[in-house]
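Since the structure comes first, as structure tokens, the remarks are kept for the end.
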2 protein chains.
Amino acid sequence: MTDAALPFDTAKLDKLAEVAVRVGLNLQKGQDVLITAPVEALPLVRRIAAAAYRAGAGVVTPILNDEEVTLARYKHGQDQSFDRAPAWLFNGMAEAYSNNTARIAISADNPMLLSEQDPAKVSRVGKATSIAARPALEKITRFETNWLVVSYPSVAWARQVFPGLADEAAVGKLADAIFAASRVDRDDPIAEWAAHDARLHERVDWLNGQRFAALHFQSKGTDLTVGLADGHAWKGGSSKARNGIVCSPNVPTEEVFTTPHADRVNGTVRATKPLVVRGTVIRDIAVRFEKGRIVESSASSGEAVLKELLATDEGAAKLGEVALVPNDSPISNSGLLFFNTLFDENAACHIAQGQCYSECFENEDLSKDEIAAAGGNSSLIHEDWMIGGPDTDIDGIKADGTRVPVFRAGNWA
Amino acid sequence: MTDAALPFDTAKLDKLAEVAVRVGLNLQKGQDVLITAPVEALPLVRRIAAAAYRAGAGVVTPILNDEEVTLARYKHGQDQSFDRAPAWLFNGMAEAYSNNTARIAISADNPMLLSEQDPAKVSRVGKATSIAARPALEKITRFETNWLVVSYPSVAWARQVFPGLADEAAVGKLADAIFAASRVDRDDPIAEWAAHDARLHERVDWLNGQRFAALHFQSKGTDLTVGLADGHAWKGGSSKARNGIVCSPNVPTEEVFTTPHADRVNGTVRATKPLVVRGTVIRDIAVRFEKGRIVESSASSGEAVLKELLATDEGAAKLGEVALVPNDSPISNSGLLFFNTLFDENAACHIAQGQCYSECFENEDLSKDEIAAAGGNSSLIHEDWMIGGPDTDIDGIKADGTRVPVFRAGNWA
């Protein structure tokens, strides 16, 4: 698609690229940049490359994926191909992160790409890919370099969000929603991001001052107590990576988040939005936790994919993240369901199955064993799913049993 | 560009993908495939992925490059960016080749992409990239895995080959030329390739039987004696890679080739076609060799890029390959100048500056030191340039001084 044919204001795409490089990555002179993106996102890839070089980047390397090539495996692949993954590429990425390369992922996936494929094959590919990607993913979850996820309005994604509209209109509307949520529809997005970041840090500081032992979520279908990891720390907005660079890894972002205790989660919880995993939409998730582990799970569609996901490994049925997002926030107020975790997780309180973030501890230099001893979960996967809504009440519970209102009716108490 | 908009017969593109996978790579069940290509070549990338999966591929991974991102470095990059290269990606590729991954490069480059950029910056990027790519390139020049270069008709390339035509017509004509040269315009390309391969092997066997010590090239502006490496072997057509797979690394191919002696090349030689290097067209190259090394060089345009190229390292001004192609062959008979080495080198006898192929020795397991002792050249670069034409005479010279006619008036004697 040439720029002339893009059905949205490309000046805002320019601003999104600037925000990605200057706020999201906070790219430093001489840093190399690795961009992963679908081919369709090339108009943003090119703008980010230009913005990065203007900011003094070393070399910018895009790794572009193509949906047709992804589908070719399911259409034509023979049995042995579904347990393979390009480990060499992920090992290369891990080497890049070790050498101070900044990383941008452009999220523009077709939520339904794999919905008509055999869930068993989708799961096998997902698992093989997760295993191969682990050395690279661990460097991101350990926050070894500055990284960022940002979005681009692809046609297939726009069709899912605006099913009644013609492609051009749908892409235009999705673009506007992305631009608004990413705060690039304002005159000075950089200043807007600084003010937003300060507000998120106020919330983080308050939560860290409270030293809650657990959070108790209550809403229709949900009565869940999430114990927090020993020595956990709340994070949100900008944060310092281990390479010393303060970056904002999600554009947009509305969440503050921390590490739950992998063995201290009990009760029932109902998803308030569909979850898109591996090209499949999973609807109406309901699960019951017992001593940290999901012991019952159901979904009205995509249940097979959900169960495959939870069976990935020992840690996949336990929590690695809990995050708070008020109901009265820009993405939530848009009223849109994005079928994209980057957006939907920033519209509602959420929890994540799988790997925890080692940065979410007071001591950021804990070893793997120390993280596990403090209750931090370990897994090949990290999948956020949304549990907050307009009726969500949350209490913070201190070690002595004292309860402090945190959310009432979906917003900060 | 969607398939419907492609201005050529896509059934022939299907055949090209089949030839690439079945003849070029001779892909074995379970082998992974790495494809490098410009984004514009996606219609061929997708067909190759499908053909590879049908043939039992493990996972097919495209690494797509984009000209706008390449240009962004020259337009916006600051000084420090011109000595950087993504070593992590090349190291990953080297790992892939070590693990039996087959490799396809789709050649569709815009020959003029970098022609308006500062040659010094182009050279710095080229050198940094060559150094970073060396671990991967060495595995290809050592023929550790089955590999292939094949072409796709991009718009910018077609404009260069057919400057008077509208884009659609130019792409259509370039596509026809690629399909004809690649023998996919016939009913049974696989059988045509088998017959062609048998003819090339006849030439190879004859040359290896002669045990020439040198070749003497004579034509207008050229009087060049190319000593051959001790224990050299001629190759051409299909050949067995070190992973045991017999593949045909160039589609199309018309050449038979071997390793010259790096110190035994003397005389003057004039290029018979322009050479495209690093996005620059170098015209009318004329050089003089003394004891293997180029001691004088000139070009009517692109001379600065030529001199930078020859100064890359110790081996860049010496020869690493000599190849014989008759004037009466399909690509030559098309009368087209392709500005693309894969095609132009298969239309004329040529020599290559830089790295030799270690497979071009009777003993294919020589160490680096043994290759050097036998006269095999070593360099970061390998650049073919064309020296044959309709008036080319070549004599083979045996160790005892006996001369045997090899070419007369451009064709096999």
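Out of B:E359, B:E364, B:E345, report the one residue that is modelled with pLDDT under 95 and open to solvent by 40 Å² or more (accessible area, probe 1.4 Å).
B:E364
Note on region B:82-92: among residues that are open to solvent by less than 40 Å² (accessible area, probe 1.4 Å) and at the interface with chain A (Cβ under 7 Å from one of its Cβ atoms), the one that is nearest to B:Q117 (Cα to Cα) is B:A85.
Residues checked against (1) surrounded by 22 or more Cβ atoms within 10 Å (Cβ to Cβ); (2) touching a Leu at 6+ places or on another chain (Cβ under 7 Å); (3) at the interface with chain B (Cβ under 8 Å from one of its Cβ atoms):
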| residue | (1), (2), (3) |
| --- | --- |
| A:N100 | no, no, no |
| A:R103 | yes, yes, no |
| A:L114 | yes, no, no |
| A:D118 | no, no, no |
| A:K121 | no, no, no |
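Checked across region A:126-133, the condition of being more than 8 Å from chain B (Cβ to nearest Cβ), out of contact with any helix residue (DSSP H, G or I) (no Cβ under 7 Å at 6 or more places or on another chain) and of a type in the set (K, R) holds for at least one residue. B:V276 fulfils the conditions (1) part of a helix (DSSP H, G or I); (2) aliphatic (A, V, I, L, M); (3) open to solvent by 20 Å² or more (accessible area, probe 1.4 Å) except for a single criterion, (1).
For A:T70, the conditions (1) touching a residue at least 60 places away in the same chain (Cβ under 8 Å); (2) more than 8 Å from chain B (Cβ to nearest Cβ) are fulfilled apart from (1). Here region B:151-173 is the region considered, the condition is being in a loop (DSSP other than H, G, I, E, B) and open to solvent by 20 Å² or more (accessible area, probe 1.4 Å), and the residue that is nearest to B:V21 (Cα to Cα) is B:F162. For A:D393, the conditions (1) within 17 Å of A:S219 (Cα to Cα); (2) touching a helix residue (DSSP H, G or I) at 6+ places or on another chain (Cβ under 8 Å) all hold with the exception of (2).
Taking B:K75 and the conditions (1) surrounded by 23 or more Cβ atoms within 10 Å (Cβ to Cβ); (2) without any contact (Cβ under 8 Å) to a residue 24 or more places away in the chain; (3) of a type in the set (D, E, K, R), which numbered condition does it fall short on, given that it satisfies the others? Among (1) surrounded by 23 or more Cβ atoms within 10 Å (Cβ to Cβ); (2) without any contact (Cβ under 8 Å) to a residue 24 or more places away in the chain; (3) of a type in the set (D, E, K, R), B:K75 violates only (1).
Conditions tested, residue by residue: (1) in a strand (DSSP E or B); (2) out of contact with any Cys (no Cβ under 8 Å at 6 or more places or on another chain); (3) not polar (S, T, N, Q).
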| residue | (1), (2), (3) |
| --- | --- |
| B:W193 | no, yes, yes |
| B:V204 | no, yes, yes |
| B:N208 | no, yes, no |
| B:Q218 | yes, yes, no |
| B:G227 | yes, yes, yes |
| B:G244 | no, yes, yes |
| B:E254 | no, yes, yes |
| B:F257 | yes, no, yes |
| B:H261 | yes, yes, yes |
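A:Q28 meets the conditions (1) open to solvent by 10 Å² or more (accessible area, probe 1.4 Å); (2) more than 7 Å from every other protein chain (Cβ to nearest Cβ); (3) more than 24 Å from A:A191 (Cα to Cα) in every case but one. The failed one is (3). For region B:353-397, the set of residues classified as closer than 14 Å to B:H261 by Cβ and in contact with a Gly (Cβ under 6 Å, 6 or more places away or on another chain) consists of B:C356, B:F361, B:A374, B:N377, B:S378, listed by residue number. Report whether or not A:V325 is in contact with a strand residue (DSSP E or B) (Cβ under 8 Å, 6 or more places away or on another chain) and over 30 Å from A:E144 (Cα atoms). No; evaluated as a whole, the condition is false for this residue.
If only one of A:V404, A:V322 is more than 30 Å from A:R159 (Cβ to Cβ), surrounded by fewer than 20 Cβ atoms within 10 Å (Cβ to Cβ) and assigned by TED's automatic domain parsing to the domain that holds A:A213, which one is it?
Details: A:V322 fails: surrounded by fewer than 20 Cβ atoms within 10 Å (Cβ to Cβ).
Step by step, each of A:V404, A:V322 is checked, and only A:V404 is more than 30 Å from A:R159 (Cβ to Cβ), surrounded by fewer than 20 Cβ atoms within 10 Å (Cβ to Cβ) and assigned by TED's automatic domain parsing to the domain that holds A:A213.
Please work out which residue is farthest from the other protein chains (Cβ to nearest Cβ), limiting yourself to region A:32-58 and to residues that are within 17 Å of B:Q80 (Cα to Cα) and surrounded by fewer than 23 Cβ atoms within 10 Å (Cβ to Cβ). So, considering only residues that are within 17 Å of B:Q80 (Cα to Cα) and surrounded by fewer than 23 Cβ atoms within 10 Å (Cβ to Cβ), the one farthest from the other protein chains (Cβ to nearest Cβ) is A:A55. Do we have B:A4 as outside any helix (DSSP H, G or I), aliphatic (A, V, I, L, M) and surrounded by fewer than 24 Cβ atoms within 10 Å (Cβ to Cβ) here? When the stated conditions are applied, B:A4 does not pass them. A count restricted to region B:325-342 and to residues that are among the hydrophobic types (A, V, I, L, M, F, W, C) and open to solvent by 10 Å² or more (accessible area, probe 1.4 Å) stands at 4.
Here are B:D185, B:D205, B:D176: which of them is over 28 Å from B:G279 (Cα atoms), touching a residue at least 12 places away in the same chain (Cβ under 8 Å), open to solvent by 10 Å² or more (accessible area, probe 1.4 Å) and charged (D, E, K, R)?
Values: B:D205 fails: touching a residue at least 12 places away in the same chain (Cβ under 8 Å); B:D176 fails: over 28 Å from B:G279 (Cα atoms).
The unique qualifying residue is B:D185.
Go over the candidates B:T129, B:T70, B:T145, B:T61 one by one and state the one that is in a strand (DSSP E or B), of a type in the set (S, T, Y) and surrounded by 18 or more Cβ atoms within 10 Å (Cβ to Cβ).
Working: B:T129 fails: in a strand (DSSP E or B); B:T70 fails: in a strand (DSSP E or B); B:T145 fails: in a strand (DSSP E or B).
Criteria check complete, one pass: B:T61.
In summary, A:T225 fulfils each of the numbered conditions (1) open to solvent by 20 Å² or more (accessible area, probe 1.4 Å); (2) outside the structural domain of A:I394 (by TED's automatic domain parsing) with the single exception of condition (2). Within region B:305-321, if we keep just the residues that are in contact with a strand residue (DSSP E or B) (Cβ under 7 Å, 6 or more places away or on another chain) and farther than 12 Å from B:G354 by Cβ, the residue that is modelled with the lowest pLDDT turns out to be B:V305. Among the strands (runs of 3 or more DSSP E) confined to region A:286-377, the ones with at least 2 residues that are aliphatic (A, V, I, L, M) and within 22 Å of A:G126 (Cα to Cα) are located at A:350-354. Taking B:G267 as the residue in question, decide whether it is without any contact (Cβ under 8 Å) to a residue 60 or more places away in the chain, within 29 Å of B:V23 (Cα to Cα) and not polar (S, T, N, Q). Taking the combined requirement at face value, the residue does not satisfy it.
The values are calculated or read from the model by the stated rules, or taken from the named source; none is laboratory data. Note that this is a predicted model, so its numbers are computed, not measured. Using ideal geometry, Cβ is built from the backbone for each residue, glycine included, and neighbour counts are taken over all protein chains shown. The area values use the complete protein model at the heavy-atom level, side chains included, leaving out ligands, DNA and RNA. Shrake-Rupley method; radii C 1.70, N 1.55, O 1.52, S 1.80 Å.
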